[in-house]
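I'd like to ask some things about the structure below.
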Amino acid sequence: MNDDGTTIPARRRFLVQGTAAAVGAVAGGARAEQAAPPGVSDWMKAPGADTGGQPYGTPSRFEAGIIRNIPKGLKQYTSASTRTPLQDLDGILTPNGLFYERHHGGIPDIDPARHRLLIHGLVERPLVLTIEDIRRFPSESHIHFLECSGNPGFEAIKGKTASDLVGLVSCAEWTGVRLATVLREAGLKPEAQWVVAEGADAAAMTRSIPIEKCLDDALLVYSQNGERLRPQQGYPLRVFLPGFEGNMSVKWLRRLNVSAEPAYSREETAKYTDLMPDGTARQFTFVMEAKSIITRPSGTQRIAPGFHEITGIAWTGRGRIRAVQVTTDGGRSWRDAALQEPVLNRALTRFRLPWTWDGQPTTIASRAIDDTGYVQPSFEDLTAVRGLKSFYHNNAVVPWRIAADGEVANGYA
């Protein structure tokens, strides 16, 4: 409240409170050493590297440790994944070089001049399109997240870092053509209900997509964050389904078969189904539910008593994030975090909360609420319904335990 009785806007109130807390922490003698005043450093005494010395720019050598999280000791890496280092990133966009990967038959080396997309089945005019043909259609660019449905599995919640736990999610600006535009060019027959997408990798990855999604916001994508797709992300063409489990956004797309029935392929029968406690299985659970994680402070980091900004990311496959609540006392109370603009449809949303740690052991966590009113569940509430035999679609709250010495660790362990 201002002196004149008017209300302070929420964003301004957050900034005022955060600044006051930070100043108070410094004035109160938080454990921080006095930095030395700047002098004339070595890099000021001679000209630096030549302009254009790197035809394709790379990060500073001092950031060389920020890389994909690659599992160690796997028997093979043809069918495997790498994770985005979420705890090291800011904002909502994932650099292309850090975008998570999940492959089933290795990464093909495709010549775009020889690549073709076949559209056939229940269409009036079967099409064979080159990449240049596809680029002639009207294009669109949208920012969306992509997430593996096994991020993490129900028995894979012992990771040390945010990347270990939920690093199979990333966010980018995707550029391509509306799938609906190309399907209209082919002419859908009345009985068309599904489109079966097939990739050109060694696994011939195949997934069935409901026609409603194909005619809504599905894209045929050829660029990511302003540059052509990288081979790890499906170069030269992939289908992209905002909000749906990542396995359905088939990479290296070569074929779209329009049909009246789903394909019931390996990836939607033996895999990517959810086993329930009674022995039945959920199938075609496409949408990724609301989820969030605190990325700073988070596992393996260490903090000192005093002011900190708690920050993290939230996302939902059903639309936009409406709110993120944060607990700093193990769930006894929850506070609304500030959502950083832009808050986009089916995209990562950055949240922030000012917090002064008193040096006592505690547990912090976040929970997301999307614009449908859905609230991210606790692990206990989720498993009470789903059990522990399922592998996919674990969107439970992730707790971080802070010890008296400031070390941050997985709150599940």
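The values are calculated or read from the model by the stated rules, or taken from the named source; none is laboratory data. All values reported here derive from a predicted model rather than from experimental measurement. As a convention, Cβ positions derive from the backbone with ideal geometry for all residues, glycine included, and neighbour counts pool all protein chains shown. Accessible surface areas use protein heavy atoms only, side chains included; no ligands, DNA or RNA. Shrake-Rupley method; radii C 1.70, N 1.55, O 1.52, S 1.80 Å.
Exactly which trypsin sites (Lys or Arg not before Pro) in the stretch 100-151 are in a DSSP loop and have at most 15 other Cβ atoms within 10 Å?
R114, R116, R136
Please give the length that would be gained between E191 and A35 if that part of the chain were fully extended, namely 0.36 nm times their separation in residues minus their C-alpha to C-alpha distance (nm, one decimal).
Here the answer is 49.1 nm.
Return one whole number: the accessible area per residue of the chain in Å², for a 1.4 Å probe.
Per residue, the chain has an accessible area of 49 Å².
Here is a follow-up. Taking only DSSP H segments of four or more residues, each worth -39500 (n - 2.57), what value at 222 nm results for the chain once the sum is divided by all its residues, to the nearest 500 deg cm²/dmol?
Computed ellipticity for the chain at 222 nm equals -3000 deg cm²/dmol.
Ranked highest first by average number of other Cβ atoms within 10 Å, how do 66-78, 345-357 line up?
Going by the mean number of other Cβ atoms within 10 Å, highest first, we get 345-357, 66-78.
Next question. Charges on Cβ only, +1 for Lys and Arg, -1 for Asp and Glu, centred on the Cα centroid of the stretch 29-138; of I134, L74, A35, which one is farthest towards the dipole's positive end?
Most positive-ward Cα: L74.
Pull out a ≥ b ≥ c, the square roots of the eigenvalues of the alpha-carbon gyration tensor of the stretch 131-282, then state rounded if a/c is under 1.5, prolate if not and a/b is larger than b/c, and oblate in the remaining case.
oblate
With a 10 Å cut-off between alpha carbons and a GNM built on the chain, which of P152, P38, P262 moves the most?
P38
Taking a ≥ b ≥ c as the square roots of the eigenvalues of the Cα gyration tensor of the stretch 293-413, is the shape rounded (a/c under 1.5), prolate (a/b larger than b/c) or oblate?
oblate
Based on the mean of other Cβ atoms within 10 Å per residue, sort peptides 387-397, 272-282, 50-60, 286-296 so the most packed one is first.
286-296, 387-397, 272-282, 50-60
If you put +1 on each Lys and Arg Cβ and -1 on each Asp and Glu Cβ, how big is the dipole of the chain around its Cα centre, in Debye rounded to 20?
460 debye
Contact order normalised by length for the stretch 93-166, with contacts defined as Cα pairs under 8 Å and 6 or more residues apart; what percent is it?
Here the relative contact order equals 17 percent.
Kindly write out, for the stretch 60-67 in residue order, the coupling ³J(HN,Hα) from the Karplus curve 6.51 cos²θ - 1.76 cosθ + 1.60 (θ = phi - 60°), rounded to whole Hz, with x marking Gly and Pro.
Couplings: 4, 5, 6, 10, 5, x, 8, 9 Hz.
Right, another one. Report, in listed order, any pair from K75/K213; K75/K271; K158/K213; K72/K213; K160/K213; K189/K389 with a Cα-Cα distance greater than 30 Å.
Those over the limit are K75/K213; K158/K213; K72/K213; K160/K213; K189/K389.
Leaving out ligands, DNA and RNA, and with a 1.4 Å probe, what % of the accessible surface on the chain is carbon or sulfur?
About 52 percent, which is the carbon plus sulfur part of the accessible surface.
While we're on this one: Which GluC sites (Glu not before Pro) in the stretch 172-278 pass both tests, a DSSP loop state and at most 13 other beta-carbon atoms within 10 Å?
For GluC sites (Glu not before Pro) across the stretch 172-278 that sit outside H, G, I, E and B with at most 13 neighbouring Cβ atoms in 10 Å, the list reads E191.
Once whole DSSP H runs in the chain are found, which of them have Cα atoms spread over 18 Å or more along the helix axis and a mean Kyte-Doolittle score of at least 0.0?
10-27
Could you check the simple spin-label distance between E155 and L93, using points 7 Å along Cα→Cβ, in nm with one decimal?
Those two pseudo-labels are separated by 4.1 nm.
Test of understanding: what is the full-extension gain from D50 to T269, defined as 0.36 nm times their sequence separation minus their Cα-Cα distance?
Computed gain between D50 and T269 is 73.3 nm.
Another question, then. So for the stretch 285-413, taking the charge dipole from beta-carbon charges (+1 Lys/Arg, -1 Asp/Glu), which of W357, F391, F286 sits furthest toward the positive end?
The Cα lying farthest towards the positive end belongs to F286.
Cα centroids of the stretch 270-289 and the stretch 310-347: how far apart, whole angstrom?
When both Cα centres are located, 26 Å separates them.
Let me ask something else about it. Assuming a ≥ b ≥ c are the square roots of the Cα gyration tensor eigenvalues, decide whether the stretch 207-306 counts as rounded (a/c under 1.5), prolate (otherwise, with a/b larger than b/c) or oblate.
oblate
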